[in-house]
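Structure first, commentary second.
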Amino acid sequence: MLILGIAGSPRRNGNTEILLDEALASARQAGAEVEKIVLSTLNIAPCRGCGYCEKKGECIIKDDMQGIYEKIAAADAMIFASPNYFYHVSAYAKAAIDRSQALWARNHILKDPRFRQGKKGYFISVAATKGARLFKGSIWTMQYFFEAVGFKMAGRLLVRGVDGKGEILKEQQYLEAARKLGEEAAGK
Ligand SMILES: Cc1cc2nc3c(=O)[nH]c(=O)nc-3n(C[C@H](O)[C@H](O)[C@H](O)COP(=O)(O)O)c2cc1C
């Protein structure tokens, strides 16, 4: 059981990365193998919309996204964490999501028989404010991203009203919820 954690915040050890780390630690404790990717430390260009992947099943841009394709394909579950930026995911997260069009093409256009589907995907996000519709955009995006790359939304942890770096550490209920999410991802 391999769980892939993707950190989408450029703020290292910020709120979403702390929640992701909690989730991955509890998944590991529950017996899963875990791997974490921090998008802001990688070189991931935006999608060019060139259509190359629709013919070849791979992306023409040879940057760090190439390794992520393989990790997504190998993972049995994924936990994707991003701060809420302007009612959406961060630009780091969105760049990786858009580049996943290559996996979508492999699956839906080229119908690669090795493509596994229905794996469990979890979304973690934190926002400073408390509006009811804060996460609407990112939930839709994450749902379709998960489906495009062989996952389905199995759970999410959405936190409102937490802004300062590391302030989430004062919110025991969310740390606990992240641990539960990790256990669930590990199949416990
Ligand atoms: C560029 C930027 C845009 C943001 N946009 C929003 C927003 O639209 N709504 C909101 O409630 N918080 C917004 N925030 C606040 C972050 O969501 C909040 O600080 C969050 O805790 C950051 O998580 P992190 O520590 O994992 O980076 C924004 C922060 C930044 C830096």
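The values are calculated or read from the model by the stated rules, or taken from the named source; none is laboratory data. Since we're looking at a predicted model, the values are computed, not measured. Note: ideal-geometry Cβ built from the backbone for every residue, glycine included; neighbour counts use all protein chains shown.
Could you tell me whether the range 169-178 includes any residue that is under 18 Å from Ser9 (Cβ atoms), within 10 Å of the ligand (Cβ to nearest atom) and not hydrophobic (A, V, I, L, M, F, W, C)? The answer is no; no qualifying residue exists. If I filter the range 174-188 for residues that are modelled with pLDDT under 95, of a type outside the set (Val, Ile, Thr) and in contact with a Ser or Thr (Cβ under 9 Å, 6 or more places away or on another chain), do I get at least one hit? There is at least one residue in the range 174-188 that is modelled with pLDDT under 95, of a type outside the set (Val, Ile, Thr) and in contact with a Ser or Thr (Cβ under 9 Å, 6 or more places away or on another chain). I'd like to know if the range 58-74 contains one or more residues that are away from the ligand (no atom under 16 Å from the Cβ), assigned to a strand (DSSP E or B), within 13 Å of the chain's Cα centre (by Cα) and within 26 Å of Phe135 (Cα to Cα). No; the residues of the range 58-74 include none that is away from the ligand (no atom under 16 Å from the Cβ), assigned to a strand (DSSP E or B), within 13 Å of the chain's Cα centre (by Cα) and within 26 Å of Phe135 (Cα to Cα).
If you check Asp112, Asp76, Asp98 for being acidic (Asp, Glu) and in contact with a strand residue (DSSP E or B) (Cβ under 6 Å, 6 or more places away or on another chain), only one passes: Asp76.
To keep it simple, each residue is scored yes or no on (1) part of a helix (DSSP H, G or I); (2) within 11 Å of the ligand (Cβ to nearest atom); (3) more than 18 Å from Ala96 (Cβ to Cβ).
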| residue | (1), (2), (3) |
| --- | --- |
| Ile3 | no, no, no |
| Ile6 | no, no, no |
| Pro10 | no, yes, no |
| Thr16 | yes, yes, no |
| Leu24 | yes, no, no |
| Ala27 | yes, no, yes |
| Gly31 | no, no, yes |
| Lys36 | no, no, no |
| Asn43 | no, no, no |
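Scanning the range 132-147 finds one or more residues that are assigned to a loop (DSSP other than H, G, I, E, B) and either exposed (fewer than 15 other Cβ atoms within 10 Å of the Cβ) or of a type in the set (Lys, Arg) (or both). The numbered conditions (1) surrounded by fewer than 22 Cβ atoms within 10 Å (Cβ to Cβ); (2) of a type in the set (A, V, I, L, M, F, W, C); (3) within 21 Å of Glu35 (Cα to Cα); (4) within 16 Å of the ligand (Cβ to nearest atom) are all true for Ala81 except (1). Annotation for the range 84-92: no member residue is more than 13 Å from the ligand (Cβ to nearest atom), crowded, with 16+ Cβ neighbours inside 10 Å and touching a residue at least 40 places away in the same chain (Cβ under 8 Å). From the set of residues in the range 158-173 that are out of contact with any Phe, Trp or Tyr (no Cβ under 7 Å at 6 or more places or on another chain) and of a type in the set (A, V, I, L, M, F, W, C), which is farthest from Glu22 (Cα to Cα)? Ranking the qualifying residues of the range 158-173, first place goes to Val162.
Of the residues that sit in the range 102-131 and are within 12 Å of the ligand (Cβ to nearest atom) and part of a loop (DSSP other than H, G, I, E, B), which one is surrounded by the most Cβ atoms within 10 Å (Cβ to Cβ)?
Initial filter on the range 102-131 (within 12 Å of the ligand (Cβ to nearest atom)): 124-131.
Checking the rest, the ones that are also part of a loop (DSSP other than H, G, I, E, B) come to 127-131.
On the way: Ala127: 20, Ala128: 15, Thr129: 11, Lys130: 9, Gly131: 11.
Selected residue: Ala127.
Each residue in the range 166-188 was checked for being surrounded by 15 or more Cβ atoms within 10 Å (Cβ to Cβ) and of a type in the set (D, E, K, R), and 6 of them qualify.
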